[in-house]
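Okay, so here's the structure we're looking at.
The values are calculated or read from the model by the stated rules, or taken from the named source; none is laboratory data. Only a predicted model underlies this, so the values are computations on that prediction, with no experimental measurement involved. Virtual Cβ from ideal backbone geometry, glycine too; neighbours counted across all protein chains shown.
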Amino acid sequence: MPLQRTTLNIDDRFSIAKRPFRPRGRAILVIAMICFAILIATFSLFNTAQEQQRLRTEQLLSVEASSFSDALTRHMNAHLNELSVLASEIERNIPSTYSTWQALVQAHQGNDVHFQALFWAESDRTIRWHYPQSDAEKPEQFPFDVLGDGNAQLLRMDVESLHDWHIAHPIYTQNRNTPDYYLGGTLDIAEHISHLASDYLDTFQKLTLYAASDGHVVFGDIPPNGAATGQVGLTLTGASPEFIVTLWNSPESEHFLSLPMLIYISGLVVTILVGIALYLIEINLMARKAEQATITRLQNEIAQRKDVENQLHFIANHDPLTYLPNRHALLNHIQHTINKTLSATRTLSLICIDIDNIKEINDLHGYRIHDDVLTTVAKRLQNLLPPQAYLARTSDEHFVMLRTDLSPLEAEVHAKQVRLTVEKECHAQGVTVLPSCAIGVAYRYDTSMPAHELLRHADTAAHRARQLVHHRVVVFQMAMRDHLQQKRDIEYTIRKAIQGNELMLHFQPQVDLKTQRIVGIEALVRWQDEGGTIISPDTIVRTAEDTGLMQQLGNWIINKALEHYAMLLTEGCAPPMLAINVSGHEFQDSFLADTILQAIERHQVPAERVQIELTEQVFIENLEQNQQTLHTLTEAGISLAIDDFGTGYSSLAYLKHFPVDTVKIDRSFIDQLPECKDDAVICQAVIGMADLLGLKVVAEGVEHQAQKDYLAQIGCRYIQGHLYYPAMGVDQLLTLLKQHIPYLRYSNS
């Protein structure tokens with residue numbers, strides 16, 4: 001099911017939601033006019049309320065000022081009356097001494113009436129006594145004018161300051177027309193006014209006292225311009241001039257949330273809310289108009305999205321080439337089938353078909369023929385299956401069948417029929433192709449087995465069938481899983497050892513039978529697992545090649561071997577030659593020659609003392625590149641040897657086209673010497689051919705004296721094996737070389 005093209009576009013889909021709705025110009029004008037009218041009404045109400053509040057405030061202040069004026073008048077009259085009473089007392093008993101005068105004054109000082117000072121003056125106004133006495137400068141003559149005559153008329157001086165207010169009372173002893181003495185008192189009117197203001201006025205009210213004659217401020221501060229004030233006249237008995245008492249509120253007393261301000265703020269808030277509401281109404285009207293136009297479009301896009309989701313779901317669960325279910329869909333179907341048939345008696349069978357030559361078909365004929373072959377195979381399998389069966393393509397070369405209607409024997413027979421069907425000729429674009437396959441069969445033998453486990457069993461059986469020379473149908477056995485798990489465990493541990501630098505190098509000497517000297521050493525990699533088992537070099541190298549770690553392992557071996565050999569050179573006991581094995585996988589690195597030469601230079605080892613041992617893979621794959629790499633090494637002085645000669649696809653062409661100077665006979669031809677005539681003939685042929693070509697021959701795996709004697713008899717000069725020395729660590733090798741140079745002994749053990 002191919003994915004259909006759709007016009008679904010996310011940006012278009014949400015363009016209406018993102019597009020701002022702008023109100024019309026006429027609507028904006030109407031909204032502005034309404035808001036302006038509300039503001040005008042607000043300002044009008046604000047001014048009216050403010051004026052009314054001012055009038056009320058002035059009325060209240062006037063009442064307060066009148067009350068304060070009355071209180072001040074009563075207060076002053078109390079002092080005048082007290083002075084008059086004291087004067088009457090003195091008239092009845094004129095004091096002759098200051099102490100008498102002081103006693104009279106102290107007796108008449110009340111709790112609510114306080115004079116700043118009292119004095120006694122002669123008729124010529126000369127002051128005789130003061131109370132209280134002090135060192136401050138006192139006037140010698142009482143400065144006041146007579147305001148009245150007789151009958152206890154009060155006298156008062158003309159003041160400029162309220163702080164020194166002098167009042168006097170005439171005292172008559174003989175003639176009522178002419179005073180004989182004067183009783184006077186001094187008051188600090190400002191202090192009395194302050195005390196009365198604190199008792200009668202609020203904290204936010206301010207008092208100002210003006211002189212009525214010229215408006216001079218004699219007490220308090222001048223009210224600010226525009227402040228609401230309350231005024232009342234003040235006349236003290238017998239005093240001149242008159243005063244004007246003015247009360248006003250301090251600016252701090254103005255409440256922000258007064259009625260005019262509330263009207264003002266409310267008007268602004270109403271204006272804003274009305275404007276916003278009208279604006280939103282206009283936007284809503286326009287949005288509703290647009291909504292009707294978008295509903296149909298959104299419905300169409302929703303339908304398109306559902307189609308796309310269905311297509312994406314199909315793609316996520318099906319193979320795009322054959323339109324068969326993929327691995328994900330197969331696992332879900334297997335698990336669903338397992339859950340459905342847990343209590344059923346039917347057997348669940350899984351058949352994995354591995355088209356093992358599909359990659360060769362692709363390399364030989366191209367991807368179009370490759371795709372046509374897979375499509376043809378898929379159609380053949382579909383035609384072969386009953387309706388209740390399930391077919392999926394899990395990878396490029398794997399098809400999997402799920403059957404729930406077959407017994408184990410029937411499933412195996414059906415698998416053979418599938419193989420015959422798949423391996424029929426395919427005709428694609430004028431090309432005839434013969435596909436081949438390996439088939440694995442797995443059964444559900446445990447009701448708790450998950451889907452992925454059953455599929456893994458079928459894959460394992462197919463992999464086992466592919467390893468057979470003649471592909472056939474293989475039924476999964478638990479031993480296969482155990483073997484595969486064991487292999488994976490070994491791969492994991494060796495990979496961990498390579499990455500964790502847990503490997504070690506051993507060296508096995510090569511002996512010259514003619515001189516009995518050690519003429520070389522071969523570096524062999526070793527590893528001891530956690531159980532103490534020594535893992536052979538072949539297993540380590542094969543695992544590294546399978547897991548892609550060969551280049552990393554090879555670089556480590558090259559550098560470590562050269563490092564140890566450089567140490568032997570320093571100790572003066574190094575053998576003439578160091579042999580290092582290089583895998584064919586390492587030759588895939590085009591910089592291999594540079595890596596080896598740089599390592600030789602870094603460790604300061606003469607290139608003539610280094611020999612590279614090659615496997616036959618080097619002579620089979622990438623011949624041109626490998627030949628260039630080998631010539632680079634030999635030009636630097638490095639010698640080359642063919643390892644395990646005589647096994648695999650050994651060819652004399654290697655000796656002709658590659659600069660090899662040493663041939664190593666594989667241990668498989670040495671083990672049964674001299675009893676095995678075939679091995680003896682092969683060894684004689686290899687040694688004779690090497691002599692004719694001028695090549696050196698080394699026999700590997702020599703463990704017995706008879707083997708050594710026979711090899712010496714047929715002309716093999718160099719041997720390597722346990723008969724002389726096993727592979728050993730570098731410390732043991734160093735001890736050996738120091739003890740046995742220049743001549744060597746060997747052990748028969």
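Output the residues belonging to the stretch 273-311 that are more than 30 Å from I28 (Cβ to Cβ) and among the charged types (D, E, K, R).
Hits for the stretch 273-311 are E301, R305, K306, D307, E309.
Do the conditions hold for V431, that is, is it out of contact with any strand residue (DSSP E or B) (no Cβ under 9 Å at 6 or more places or on another chain) and surrounded by 13 or more Cβ atoms within 10 Å (Cβ to Cβ)?
Yes.
With the checklist (1) surrounded by 20 or more Cβ atoms within 10 Å (Cβ to Cβ); (2) outside the structural domain of L364 (by TED's automatic domain parsing); (3) charged (D, E, K, R) in hand, flag the one item R444 doesn't pass.
(2)
With within 30 Å of D124 (Cα to Cα), at pLDDT below 75 and of a type in the set (A, V, I, L, M) as the only criterion, which of L183, L162 stands out?
L162
One line per residue, one yes/no per condition, for (1) surrounded by 12 or more Cβ atoms within 10 Å (Cβ to Cβ); (2) assigned to a strand (DSSP E or B); (3) not basic (K, R):
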{"position": "Q485", "(1), (2), (3)": "no, no, yes"}
{"position": "I490", "(1), (2), (3)": "yes, no, yes"}
{"position": "E502", "(1), (2), (3)": "yes, no, yes"}
{"position": "F507", "(1), (2), (3)": "yes, yes, yes"}
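Taking the stretch 285-340, which residues are under 20 Å from A378 (Cα atoms) and among the polar types (S, T, N, Q)?
Within the stretch 285-340, N317, T322, N326 meet the criteria.
Check the stretch 402-415 and report whether any residue there is in the same structural domain as R327 (by TED's automatic domain parsing), more than 15 Å from T347 (Cβ to Cβ) and over 47 Å from the mean Cα position of the chain (by Cα).
Within the stretch 402-415, not a single residue is in the same structural domain as R327 (by TED's automatic domain parsing), more than 15 Å from T347 (Cβ to Cβ) and over 47 Å from the mean Cα position of the chain (by Cα).
Can you find, within the stretch 321-336, the residue that is farthest from E397 (Cα to Cα) among those that are surrounded by 14 or more Cβ atoms within 10 Å (Cβ to Cβ) and polar (S, T, N, Q)?
Q335
Taking A451 as the residue in question, decide whether it is within 30 Å of I361 (Cβ to Cβ) and either in contact (Cβ under 8 Å) with a residue 60 or more places away in the chain or over 41 Å from the mean Cα position of the chain (by Cα) (or both).
Taking the combined requirement at face value, the residue does not satisfy it.
Could you list, in sequence order, the residues of the stretch 563-590 that are within 51 Å of the chain's Cα centre (by Cα) and among the charged types (D, E, K, R)?
E563, E586, D589
Can you pull out the residues in the stretch 459-483 that are in contact (Cβ under 8 Å) with a residue 60 or more places away in the chain and in a helix (DSSP H, G or I)?
Of everything in the stretch 459-483, those that are in contact (Cβ under 8 Å) with a residue 60 or more places away in the chain and in a helix (DSSP H, G or I) turn out to be D459, A461, A462, H463, A465, R466.
For every residue, the table says whether it meets (1) assigned to a strand (DSSP E or B); (2) of a type in the set (D, E, K, R).
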{"position": "V681", "(1), (2)": "no, no"}
{"position": "A699", "(1), (2)": "yes, no"}
{"position": "E703", "(1), (2)": "no, yes"}
{"position": "Y724", "(1), (2)": "no, no"}
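Looking at (1) at pLDDT 95 or above; (2) in a helix (DSSP H, G or I), which one does Q611 not meet, given that it meets all the others?
Unmet condition: (2).
Results for (1) surrounded by 12 or more Cβ atoms within 10 Å (Cβ to Cβ); (2) modelled with pLDDT of 80 or more; (3) within 19 Å of E82 (Cα to Cα), shown as yes or no for each residue.
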position: G110; (1), (2), (3): no, no, yes
position: F119; (1), (2), (3): yes, yes, yes
position: H130; (1), (2), (3): yes, yes, yes
position: F144; (1), (2), (3): yes, no, no
position: L154; (1), (2), (3): yes, no, yes
position: M157; (1), (2), (3): yes, no, yes
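State whether the residues of the stretch 275-283 include one that is within 30 Å of F399 (Cβ to Cβ) and not assigned by TED's automatic domain parsing to the domain that holds G430.
The answer is no; no qualifying residue exists.
Of all residues in the stretch 402-435 being in a loop (DSSP other than H, G, I, E, B) and in contact with a helix residue (DSSP H, G or I) (Cβ under 7 Å, 6 or more places away or on another chain), which is farthest from Q382 (Cα to Cα)?
Across the stretch 402-435, the extreme among qualifying residues is Q429.
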